[in-house]
Amino acid sequence: EGVGPQELLGLKMEVVEWSPAAKAIIDGKVGDRKVFLVPATLRPETLYGQTNCFVSPTINYGVYAINDSEAYVVSHRAARNLAFQGLSPTRGEVSQLVEIHGKDIVGTKLKAPLGVMPEVYVLPMESVKASKGTGVVTSVPSDSPDDYTTTQDLRKKAEYYKVDPAWLNFEPIPVLTTPKYGNLTAIEICKELKIQSSKDAKLLADAKEIAYKEGFYSGTMIIGDFKGEPVQDAKPKVRAQLIEMGLAFPYAE
Ligand code: A2H
């Protein structure tokens, strides 16, 4: 059954500054609403280590009104799910304000709730699937092999991927420690499995499984309000804290 119980959390990453391409599309379309990119994550306890956010450069997204004061950027499929969860002006009906291509969102600056880096940039990730979550992924290279290998690939070929190297000006941020892999679980596992790039899909699937199990069952938090606690205990607490603060909500697929 994959990497464990699929309890996703929708995280509200507020737009601080649109990329020029996005600004041209969004201007005048969202009223007075605050706009958020909304990744779905399985691992709320790792969010201290966010370094960027990913969208697919080949997916179309919508900016959807949630109410009079907020709008979310998600895939069309996710917007329908949100509407049935009560996250739309009229239950069961989506309210799209404007459509935007993933590639045009790249370079947008966002707030990263709980992040050691309080603000991060949106980068492209080719392996983001339109059929999963919200089509937006927050990136935690310390604990996610996919996120780590993608940021490494982007660094090697910044020009090809049309990303400003300044958006990649970070190191993985240690969040939890495991007896076997230390403070940077994903990086150690990628080394162990000799993963060369984000296109090593089979190895990355193995790495993901190992990183998840090792972090969840043997990890101890080394940062945040639950520092020193086992990941298993901290995970629901971080999740509850984010929901309490109005920065996240349970996301049902
Ligand atoms: B996870 P599930 Cl630290 N396409 O969040 C590809 N991947 C997606 C996605 C999409 N459309 N939507 C969500 N995801 C990723 C953190 C994390 C995640 C860590 C470690 C592992 C991990 C930070 N990125 O996921 O199969 C999101 O990345 C390993 C699977 O829909 C989300 O959690 O349950 C996870 O996959 C959801 O996967």
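Would the stretch 179-191 turn up any residue that is more than 8 Å from the ligand (Cβ to nearest atom), within 30 Å of residue 82 (Cα to Cα) and over 13 Å from the mean Cα position of the chain (by Cα)? So far as the stretch 179-191 goes, no, none of its residues is more than 8 Å from the ligand (Cβ to nearest atom), within 30 Å of residue 82 (Cα to Cα) and over 13 Å from the mean Cα position of the chain (by Cα). Among the residues of the stretch 16-26, is any among the β-branched types (Val, Ile, Thr) and either assigned to a loop (DSSP other than H, G, I, E, B) or touching a Pro at 6+ places or on another chain (Cβ under 6 Å) (or both)? No, there is no match, as no residue in the stretch 16-26 is among the β-branched types (Val, Ile, Thr) and either assigned to a loop (DSSP other than H, G, I, E, B) or touching a Pro at 6+ places or on another chain (Cβ under 6 Å) (or both).
Looking across 243, 222, one residue alone is surrounded by 12 or more Cβ atoms within 10 Å (Cβ to Cβ), out of contact with any strand residue (DSSP E or B) (no Cβ under 6 Å at 6 or more places or on another chain) and of a type in the set (Val, Ile, Thr). It is 243. Restricting 106, 120 to residues that are in contact with a strand residue (DSSP E or B) (Cβ under 8 Å, 6 or more places away or on another chain) and more than 14 Å from the ligand (Cβ to nearest atom) narrows the list to 106.
Which one of these is farther than 30 Å from residue 157 by Cβ and acidic (Asp, Glu): 192, 253, 209?
Exactly one of 192, 253, 209 is farther than 30 Å from residue 157 by Cβ and acidic (Asp, Glu), namely 253.
Which residue out of 35, 73 is under 21 Å from the mean Cα position of the chain (by Cα), within 16 Å of the ligand (Cβ to nearest atom), among the aliphatic types (A, V, I, L, M) and not in a helix (DSSP H, G or I)?
Numbers: 35 fails: within 16 Å of the ligand (Cβ to nearest atom).
It is 73.
Checking the condition away from the ligand (no atom under 16 Å from the Cβ), of a type in the set (Gly, Ala, Ser) and touching a helix residue (DSSP H, G or I) at 6+ places or on another chain (Cβ under 7 Å), which residue from 92, 62 passes? The match here is 92.
In the stretch 140-157, is there at least one residue being part of a loop (DSSP other than H, G, I, E, B), modelled with pLDDT of 95 or more and away from the ligand (no atom under 16 Å from the Cβ)? Show your work before the answer.
Start the filter on the stretch 140-157 by keeping residues that are part of a loop (DSSP other than H, G, I, E, B), which leaves 140-144, 157.
Filter once more, keeping what is modelled with pLDDT of 95 or more: 140-144, 157.
Next, only the ones that are away from the ligand (no atom under 16 Å from the Cβ) stay: 157.
Yes: the stretch 140-157 contains one or more residues that are part of a loop (DSSP other than H, G, I, E, B), modelled with pLDDT of 95 or more and away from the ligand (no atom under 16 Å from the Cβ).
Residue count for the stretch 76-131 satisfying the condition of being among the basic types (Lys, Arg), surrounded by 15 or more Cβ atoms within 10 Å (Cβ to Cβ) and under 14 Å from the mean Cα position of the chain (by Cα): 2.
Every residue, every condition in (1) closer than 24 Å to residue 150 by Cα; (2) among the hydrophobic types (A, V, I, L, M, F, W, C), yes or no:
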residue: 184; (1), (2): yes, yes
residue: 201; (1), (2): yes, yes
residue: 207; (1), (2): yes, yes
residue: 218; (1), (2): no, no
residue: 222; (1), (2): no, yes
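Answer yes or no as to whether residue 160 is buried (at least 18 other Cβ atoms within 10 Å of the Cβ) and out of contact with any Lys or Arg (no Cβ under 6 Å at 6 or more places or on another chain). Taking the combined requirement at face value, the residue does not satisfy it. When the test is whether a residue is within 12 Å of the ligand (Cβ to nearest atom) and under 30 Å from residue 236 (Cβ atoms), residue 80 does not pass it.
The values are calculated or read from the model by the stated rules, or taken from the named source; none is laboratory data. Only a predicted model underlies this, so the values are computations on that prediction, with no experimental measurement involved. Neighbour counts run over all protein chains shown; Cβ positions are idealised from the backbone, glycine included.
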